[in-house]
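Visitor: Starting off with a structure, shown below.
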Amino acid sequence: MSERVENSGRKAHWEKIYQSRALEEVSWYQPRPETSLRFLEALGLPPAAKIIDIGGGDSLLVDHLLELGYHNLSVLDISEAALERARRRLGARAEKVSWIAADATCFQPAEKYDCWHDRAAFHFLSKEEEITSYIRTAAGCLKPGGALVVGTFSEQGPDKCSGLPASRYSEPSLASRFEAFFEKVECRRASHITPSGTVQEFVFCGFRRKAPSAS
C-alpha cells in the first residue's frame, strides 16, 4: 500500500508541474537534445529499431527521432498531462508513437526493445528498492545486446530539481549501478543550460545488455 501511495504522490507532483509550466519554462527543456542524439547515432540503430524514451514527457527527442526516420518509438512518462502535450504538439505524427503513462519503477512492458533511453528520470530515484526495480525493468525489457542510455546529474550537478531531491553520480558510480545486467560502452559529461540560464552538469553513460546467464 505504501508503495502505491508513494507512486500516486509522485504522479500528482509531475502532473502539477506539466499543468502549470510551459514547455520552454521547464528546466530540462532542450530545443535539440544533442547529447542524446549523439549517443543514439553512435549505436547505429536502424530506422526499425524499437526505442523507448523513459520519462520523456513532452521532450523534443521524439520529434527529432521521427525526422531521422525512426518509426518504432515509445514515450513513457508518469504524467498523462506531459504525454498529452507532446501528442498535441506532434499532431498527426503522434499516431506513429506509442504513448505509455506509467511509473518506470513498476512498468510492465508488453514487448522487448532495442534501446532504452533516459535523460533525467533515473536521478529522481533515491530508495534502493526503486533503483533496483528500475534496473531490473530496463534489463528485462531489452533484447540481449540491446542498448541503454542514461543521463543523470553529475557530482557537480544540482541536488534538487523541480522541487524534488535528485541523486548525483560520477561516471564510475553510474556505471556500477548497472553492471549486473549491462556492459558499459561509453560515458561522457555534458553541460545543460536551463531556460533561466543556470548551468546543470550531467553525466551520460551508454551500455549494452549482457546475455542472460544460463543458470
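Visitor: Just need a number here: residues in region 44-76 that are assigned to a strand (DSSP E or B) and among the acidic types (Asp, Glu).
Guide: In the first step, residues of region 44-76 are kept if they are assigned to a strand (DSSP E or B); the result is 50-54, 72-76.
If we keep only those that are among the acidic types (Asp, Glu) as well, we get 53.
The qualifying residues number 1.
Visitor: Something else now. Residue pairs, Cβ under 6 Å, 6 or more apart or interchain, first in region 170-189 and free of Cβ contacts under 8 Å to residues at least 40 places away in the same chain, second part of a helix (DSSP H, G or I). List them.
Guide: 184/175; 187/171
Visitor: Quick one: which of 137, 198 is surrounded by 15 or more Cβ atoms within 10 Å (Cβ to Cβ), of a type in the set (Val, Ile, Thr) and touching a Pro at 6+ places or on another chain (Cβ under 9 Å)?
Guide: Going through 137, 198 in turn, just one is surrounded by 15 or more Cβ atoms within 10 Å (Cβ to Cβ), of a type in the set (Val, Ile, Thr) and touching a Pro at 6+ places or on another chain (Cβ under 9 Å): 137.
Visitor: What number goes with the only condition from (1) assigned to a helix (DSSP H, G or I); (2) in contact with a Gly (Cβ under 9 Å, 6 or more places away or on another chain); (3) surrounded by fewer than 16 Cβ atoms within 10 Å (Cβ to Cβ); (4) not basic (Lys, Arg) that residue 41 does not pass?
Guide: (2)
Visitor: Any residue that is within 30 Å of residue 196 (Cβ to Cβ), modelled with pLDDT under 95 and not small (Gly, Ala, Ser) - is there at least one of those in region 61-71?
Guide: no
Visitor: Taking region 77-123 as the search range and keeping residues that are among the hydrophobic types (A, V, I, L, M, F, W, C) and assigned to a loop (DSSP other than H, G, I, E, B), which one is farthest from residue 61 (Cα to Cα)?
Guide: 110
Visitor: Kindly list the number of the only condition in (1) surrounded by 13 or more Cβ atoms within 10 Å (Cβ to Cβ); (2) among the aliphatic types (A, V, I, L, M); (3) out of contact with any Phe, Trp or Tyr (no Cβ under 8 Å at 6 or more places or on another chain) that fails for residue 185.
Guide: (3)
Visitor: Would you please name the residue that is surrounded by the fewest Cβ atoms within 10 Å (Cβ to Cβ), looking only at residues in region 73-88 that are touching a residue at least 40 places away in the same chain (Cβ under 8 Å) and of a type outside the set (Val, Ile, Thr)?
Guide: Filtering first and then ranking leaves 80.
Visitor: Condition test on residue 57, is it on the phi > 0 side of the Ramachandran plot and surrounded by fewer than 17 Cβ atoms within 10 Å (Cβ to Cβ)? Step through it out loud before you land on a result.
Guide: On the way: on the phi > 0 side of the Ramachandran plot: yes; surrounded by fewer than 17 Cβ atoms within 10 Å (Cβ to Cβ): no.
So residue 57 does not fit the description; no.
Visitor: Ok, one more. Only one of 177, 189 is of a type in the set (Lys, Arg), more than 19 Å from residue 53 (Cα to Cα), modelled with pLDDT of 95 or more and not in a helix (DSSP H, G or I). Can you tell me which? Step through it out loud before you land on a result.
Guide: Numbers: 177 fails: not in a helix (DSSP H, G or I).
None of the other options fit; the residue is 189.
Visitor: Assuming residue 56 fulfils every condition listed in (1) more than 19 Å from residue 108 (Cα to Cα); (2) small (Gly, Ala, Ser); (3) touching a residue at least 12 places away in the same chain (Cβ under 8 Å) apart from one, which condition is it?
Guide: (1)
Visitor: Run down 117, 192 and say which single residue is more than 14 Å from the chain's Cα centre (by Cα) and touching a residue at least 60 places away in the same chain (Cβ under 8 Å). Give the derivation first.
Guide: Numbers: 117 fails: more than 14 Å from the chain's Cα centre (by Cα).
From the options 117, 192, the qualifying one is 192.
Visitor: Please work out if residue 152 is among the polar types (S, T, N, Q), farther than 17 Å from residue 39 by Cα and either modelled with pLDDT under 95 or surrounded by 12 or more Cβ atoms within 10 Å (Cβ to Cβ) (or both).
Guide: no
Visitor: Next question, about the same structure. Have a look at 143, 127, 112 and point out the one that is without any contact (Cβ under 8 Å) to a residue 12 or more places away in the chain and surrounded by fewer than 22 Cβ atoms within 10 Å (Cβ to Cβ).
Guide: Sole residue among the options that is without any contact (Cβ under 8 Å) to a residue 12 or more places away in the chain and surrounded by fewer than 22 Cβ atoms within 10 Å (Cβ to Cβ): 127.
The values are calculated or read from the model by the stated rules, or taken from the named source; none is laboratory data. Worth saying up front: this structure is predicted, and the values here are computed from it rather than measured. Counting neighbours? That spans all protein chains shown, and the Cβs are built from the backbone with ideal geometry, glycine included.
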